[in-house]
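Before any comments, here is the structure.
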Number of protein chains: 2
Amino acid sequence: MMKQRLLAAAVSALSLAPIYAKAQELIQPIKPPAQINIGMVDLGKKLYFDPRLSKSGFISCNSCHNLSMGGSDNLPTSIGDHWHQGPINAPTVLNSSLNVAQFWDGRAADLKAQAGGPIANPGEMGFTHTLAVGVLQSIPAYVREFKQVFGTDTINIDGVTTAIAEFEKTLVTPNSRFDQWLLGKKDAINAQELAGYTLFKESGCIACHNGPAVGGASFQKMGVVEAYKSASKAEGRSAVTGKDADRFNFKVPTLRNVELTYPYFHDGAANTLPEAVETMGRIQLGKKFNADENAKIVAFLKTLTGDQPSFTLPILPPDSDKTPRPTPFSQ
Amino acid sequence: MMKQRLLAAAVSALSLAPIYAKAQELIQPIKPPAQINIGMVDLGKKLYFDPRLSKSGFISCNSCHNLSMGGSDNLPTSIGDHWHQGPINAPTVLNSSLNVAQFWDGRAADLKAQAGGPIANPGEMGFTHTLAVGVLQSIPAYVREFKQVFGTDTINIDGVTTAIAEFEKTLVTPNSRFDQWLLGKKDAINAQELAGYTLFKESGCIACHNGPAVGGASFQKMGVVEAYKSASKAEGRSAVTGKDADRFNFKVPTLRNVELTYPYFHDGAANTLPEAVETMGRIQLGKKFNADENAKIVAFLKTLTGDQPSFTLPILPPDSDKTPRPTPFSQ
């Protein structure tokens with residue numbers, strides 16, 4: 001009898017409306033991170049904020065993927081070593097663990113592969129892996145922390161990028177109003193926002209912007225219906241595959257926290273969400289959204305802002321007397 | 001009888017050694033901040049971390065006074081807009097509320113007067129007060145927060161710098177091992193550190209480096225006994241007073257957290273503490289410390305590292321569609 005009641009309760013729980021709704025939707029809620037190595041996260045967080053991974057001692061991961069600003073720098077293209085103007089918009093680090101690959105052209109398979117790129121890019125952090133590791137190896141508190149996490153006395157770039165990637169795995173943004181709605185809180189979004197979501201689905205936006213990250217899962221051509229005019233020289237996926245068919249194919253950006261990650265597109269040319277929605281509708285879907293439709297979609301997009309990562313600003317271990325000092329003004 | 005015992009105990013407590021020792025010492029413990037307006041601190045913290053106060057959208061107060069790095073940038077001189085090389089070492093913001101005045105030459109009377117300087121300095125944040133305030137005024141969440149704190153709908157530079165200064169008042173570092181010793185924990189510093197403190201006093205370092213900040217209270221000539229050779233063009237206090245007698249007079253820097261605030265001196269020319277102690281002994285006091293004496297003083301100086309400010313990384317309110325966007329690559 002008791003068992004039957006429990007079984008009935010379980011069946012009833014399984015058929016609850018929110019779960020049913022979730023199964024139907026092409027967007028799924030962001031899950032809090034799981035299988036996280038906390039010690040490695042603490043180390044990776046320090047490294048993420050440490051400008052000593054750059055030649056200048058001035059640029060850290062957080063400079064261009066600023067966790068106070070939606071994991072982005074809110075610039076069309078980023079500023080690198082010696083004020084170098086970057087070639088492409090810095091994608092948000094938030095929820096980047098959900099991406100099919102990293103960078104706009106997907107040239108890095110995962111977060112770990114990505115993390116080493118900017119350190120050694122002359123136009124970004126301008127350093128080398130060898131020199132960056134040499135700096136860390138000269139800092140006793142880092143040596144101890146790497147030993148605690150990885151069990152070895154010798155720091156290497158593999159450990160550095162592994163720890164940064166582990167920290168980045170924690171940079172997910174659950175609990176957006178839209179996710180609350182998906183999970184059953186029916187008043188978490190209002191009628192306009194819901195209408196925007198319906199329009200987002202019916203217009204076809206959701207064909208590319210779906211899944212938990214509302215994007216990030218595929219490469220798609222920028223300019224399906226109409227060519228996209230850009231001052232940017234970036235040609236996207238073809239740089240990786242060498243295939244002409246992949247020209248102007250870019251990774252579909254996540255729309256999570258899109259309210260915070262302006263300006264938009266790989267060239268950062270769209271300053272506002274209404275502008276981005278207008279362009280996307282026109283060049284990807286052949287649709288001209290009227291002002292009311294545009295406003296509804298924008299209202300929906302703003303429900304995708306989730307809980308921003310919340311943590312204490314890390315305090316970095318100081319140099320030792322032997323630490324090579326940064327050289328910001330030499331070439 | 002009971003009253004007598006209590007009285008005896010109170011008298012005994014009043015005459016405890018730590019209180020006696022404290023009264024004798026020329027260095028006093030850092031006190032936690034008092035009379036703090038918490039709402040104003042929260043606003044000021046956001047502004048301190050907000051690169052939108054710069055023309056480029058890339059440089060915030062925290063860029064050069066990095067609270068992960070002892071409130072400094074650990075560079076000889078700072079990097080400004082368009083990678084401009086600054087003329088002088090960025091002093092730590094930690095405990096700067098205890099300074100007699102701000103900047104190496106004391107040209108700002110207080111933290112509020114200081115805060116406006118870098119925003120409008122072409123070689124630092126490269127903006128204007130009017131443009132910075134215009135950006136903030138266009139951001140609804142900032143408008144609300146300024147209204148909550150200051151009671152007005154209109155943001156002005158006075159409010160901006162007042163809030164930043166209020167946040168900076170909280171950036172004190174109590175509870176260093178040396179302060180614990182001053183407050184009575186006799187095993188908080190070891191024999192070598194205590195010997196270093198004794199030498200610090202007996203050699204005359206304490207003549208300038210005294211008070212709660214162990215410095216910051218006066219202007220003194222750099223090169224009393226022997227001229228200081230520097231590539232820096234900075235001439236210090238004379239730039240403010242116009243008096244030739246003030247040439248090469250600089251504000252005595254605080255030695256609090258000096259372990260974290262390398263490199264040293266107004267030109268950042270001393271990379272390490274042993275180097276700084278050697279130079280100071282020689283040019284200020286006419287003393288040649290031997291290796292053992294130098295090591296003792298350095299050991300003492302490292303006991304001055306206090307609790308670093310601990311707070312959650314602020315999340316900045318996003319731009320509105322009307323917010324003027326940064327222009328990092330225009331002149």
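For segment B:245-258, name all the residues that are over 13 Å from the mean Cα position of the chain (by Cα) and touching a residue at least 24 places away in the same chain (Cβ under 8 Å).
Within segment B:245-258, the first condition is being over 13 Å from the mean Cα position of the chain (by Cα), and the residues that meet it are B:245-250.
Listed by number, the residues that qualify are B:246, B:248, B:249, B:250.
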Go through segment A:67-114 and give me each residue that's within 13 Å of residue A:171 (Cα to Cα), at the interface with chain B (Cβ under 9 Å from one of its Cβ atoms) and surrounded by fewer than 24 Cβ atoms within 10 Å (Cβ to Cβ).
A:68
Flagged in segment A:316-331 as touching a residue at least 24 places away in the same chain (Cβ under 8 Å) and either over 23 Å from residue B:80 (Cβ atoms) or of a type in the set (Asp, Glu) (or both), in numbering order, are A:317, A:318, A:319, A:320, A:322, A:323, A:324
Odd one out for residue B:201, checked against (1) under 25 Å from residue B:75 (Cβ atoms); (2) among the basic types (Lys, Arg); (3) not in a loop (DSSP other than H, G, I, E, B)
(1)
Identify, please: which residue in segment B:218-231 is part of a loop (DSSP other than H, G, I, E, B) and under 21 Å from the mean Cα position of the chain (by Cα) and is, among those, surrounded by the fewest Cβ atoms within 10 Å (Cβ to Cβ)?
B:218
Can you pull out every residue in segment B:1-43 that is at pLDDT below 50, part of a loop (DSSP other than H, G, I, E, B) and either within 14 Å of another protein chain (Cβ to nearest Cβ) or surrounded by 10 or more Cβ atoms within 10 Å (Cβ to Cβ) (or both)?
B:16
Could we say that residue A:329 is over 24 Å from residue A:146 (Cα atoms), in a loop (DSSP other than H, G, I, E, B), modelled with pLDDT of 95 or more and facing another protein chain (nearest Cβ under 10 Å) here?
yes
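Here are some residues: B:114, B:148. Which one is within 15 Å of residue B:61 (Cα to Cα), of a type in the set (S, T, N, Q) and assigned to a helix (DSSP H, G or I)?
On the way: B:148 fails: within 15 Å of residue B:61 (Cα to Cα).
The conditions single out B:114.
Of everything in segment B:44-66, what is among the charged types (D, E, K, R) and more than 9 Å from chain A (Cβ to nearest Cβ)? Give them in sequence order.
So in segment B:44-66, the residues among the charged types (D, E, K, R) come out as B:45-46, B:50, B:52, B:55.
The answer is B:45, B:55.
Given the criteria in a helix (DSSP H, G or I) and either more than 16 Å from the chain's Cα centre (by Cα) or at pLDDT below 95 (or both), does residue B:275 qualify? If you could, list the steps in order and put the result at the bottom.
Numbers: in a helix (DSSP H, G or I): yes; either more than 16 Å from the chain's Cα centre (by Cα) or at pLDDT below 95 (or both): yes.
So residue B:275 passes the test.
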Name the residue that is surrounded by the most Cβ atoms within 10 Å (Cβ to Cβ), counting only residues in segment A:50-66 that are within 20 Å of residue A:315 (Cβ to Cβ) and among the polar types (S, T, N, Q).
A:54
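Any idea which residue in segment A:300-312 is nearest to the other protein chains (Cβ to nearest Cβ), counting only those that are in a loop (DSSP other than H, G, I, E, B) and touching a Gly at 6+ places or on another chain (Cβ under 9 Å)? Full working, then the answer.
Restricting attention to segment A:300-312, the residues satisfying the condition of being in a loop (DSSP other than H, G, I, E, B) are A:303-311.
From what's left, touching a Gly at 6+ places or on another chain (Cβ under 9 Å): A:303, A:305, A:308-309.
Working: A:303: 14, A:305: 9, A:308: 5, A:309: 8 Å.
Within segment A:300-312, the match that is nearest to the other protein chains (Cβ to nearest Cβ) is A:308.
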Residues (farther than 26 Å from residue A:111 by Cβ and either touching a residue at least 40 places away in the same chain (Cβ under 8 Å) or aliphatic (A, V, I, L, M) (or both)) located in segment A:140-189
A:140, A:177, A:181, A:183, A:184, A:188, A:189
Of the conditions (1) in contact with a helix residue (DSSP H, G or I) (Cβ under 9 Å, 6 or more places away or on another chain); (2) among the hydroxyl-bearing types (Ser, Thr, Tyr); (3) closer than 22 Å to residue A:324 by Cα, residue B:97 satisfies every one except a single condition; which number is it?
(3)
Go through the residues of segment B:86-105 one by one and say whether even a single one is among the β-branched types (Val, Ile, Thr), over 12 Å from the mean Cα position of the chain (by Cα), under 26 Å from residue B:256 (Cβ atoms) and not in a loop (DSSP other than H, G, I, E, B).
no
How many residues are in a helix (DSSP H, G or I) and either within 17 Å of residue B:275 (Cα to Cα) or touching a Pro at 6+ places or on another chain (Cβ under 8 Å) (or both) when one looks only at segment B:238-264?
3
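Can you tell me which residue is surrounded by the most Cβ atoms within 10 Å (Cβ to Cβ) among those in segment B:152-186 that are among the acidic types (Asp, Glu) and over 12 Å from residue B:303 (Cβ atoms)?
First, pick out the residues of segment B:152-186 that are among the acidic types (Asp, Glu): B:153, B:158, B:166, B:168, B:179.
Next, only the ones that are over 12 Å from residue B:303 (Cβ atoms) stay: B:153, B:158, B:166, B:168.
Values: B:153: 10, B:158: 13, B:166: 24, B:168: 29.
It comes out as B:168.
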For segment A:238-268, enumerate the residues that are within 14 Å of another protein chain (Cβ to nearest Cβ) and surrounded by fewer than 19 Cβ atoms within 10 Å (Cβ to Cβ).
A:259
Unique match (being assigned to a loop (DSSP other than H, G, I, E, B), of a type in the set (A, V, I, L, M, F, W, C) and surrounded by fewer than 21 Cβ atoms within 10 Å (Cβ to Cβ)) among A:315, A:283:
A:315
Considering each residue of segment B:286-299, count those that are among the hydrophobic types (A, V, I, L, M, F, W, C), more than 12 Å from every other protein chain (Cβ to nearest Cβ) and assigned to a helix (DSSP H, G or I), and give that number.
3
Would you check which residues across segment B:275-291 are touching a residue at least 40 places away in the same chain (Cβ under 8 Å) and within 11 Å of residue B:203 (Cβ to Cβ) and list them?
B:280, B:281, B:284, B:285, B:286, B:287, B:289
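The values are calculated or read from the model by the stated rules, or taken from the named source; none is laboratory data. In this text, all values refer to a predicted model and were calculated from it rather than measured experimentally. Methodologically, a virtual Cβ is constructed for each residue, glycine included, from the backbone with ideal geometry; neighbour enumeration extends over all protein chains shown.
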